[in-house]
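Beneath this line is the structure, given in structure tokens, with notes to follow.
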Amino acid sequence: MNDFLSSYLISLEKTGGLFDIDGTLPALMLQFAIFVQILRILLFQPLQKILQQREDEIENNFKNGRISLDDVEELQKKIKKLLESIRRITSLRVERLQRRLQSLSFQSKVSLESQRVDFYEENLKNYNPISDVAYNLGVRTLQRLESYLKQRLI
């Protein structure tokens, strides 16, 4: 009986293995297609969505960066214009202050000269009466000395 069972099992055994075309190959193909579809739905589509979002975000950042770079260049031009105008204004103010300083310096020199002249004239006015008094005193002293000497000698 053992021989019968073993011969029966051998007859049921499939031959050809992996490359044998029978009902298992189409079933494997169908299982593989279903597996691929399930993976596509569960794994690939979310991954593609995430990758697309990342790509869109990178593209937006790149565009924003380009816009920002343009804004920076525009701001640099504005800053350069502003600096040029500030330099012009400050140079004009410096020139105006230098002219004012020269004017004040000249005015102070003129004022000092006029004060010196006034001082000289005032001292001269004061000097004349003093010199007259000194002259008169000297003349009187000489006259007294002369009269004294005359009295003593005669």
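The values are calculated or read from the model by the stated rules, or taken from the named source; none is laboratory data. All of these numbers come straight from a predicted model, not from anything done at the bench. Quick reminder, even Gly has a Cβ in these numbers, built from the backbone with ideal geometry, and neighbours come from all protein chains shown.
Summary table below
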read-out: Some residue of segment 49-63 being aromatic (Phe, Trp, Tyr) and either at pLDDT below 85 or surrounded by fewer than 10 Cβ atoms within 10 Å (Cβ to Cβ) (or both); value: yes
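Residues checked against (1) over 60 Å from the mean Cα position of the chain (by Cα); (2) modelled with pLDDT under 85; (3) among the hydroxyl-bearing types (Ser, Thr, Tyr):
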{"position": "THR90", "(1), (2), (3)": "no, no, yes"}
{"position": "GLN98", "(1), (2), (3)": "no, no, no"}
{"position": "SER103", "(1), (2), (3)": "no, no, yes"}
{"position": "LEU112", "(1), (2), (3)": "no, yes, no"}
{"position": "TYR127", "(1), (2), (3)": "yes, yes, yes"}
{"position": "LEU137", "(1), (2), (3)": "yes, yes, no"}
{"position": "THR141", "(1), (2), (3)": "yes, yes, yes"}
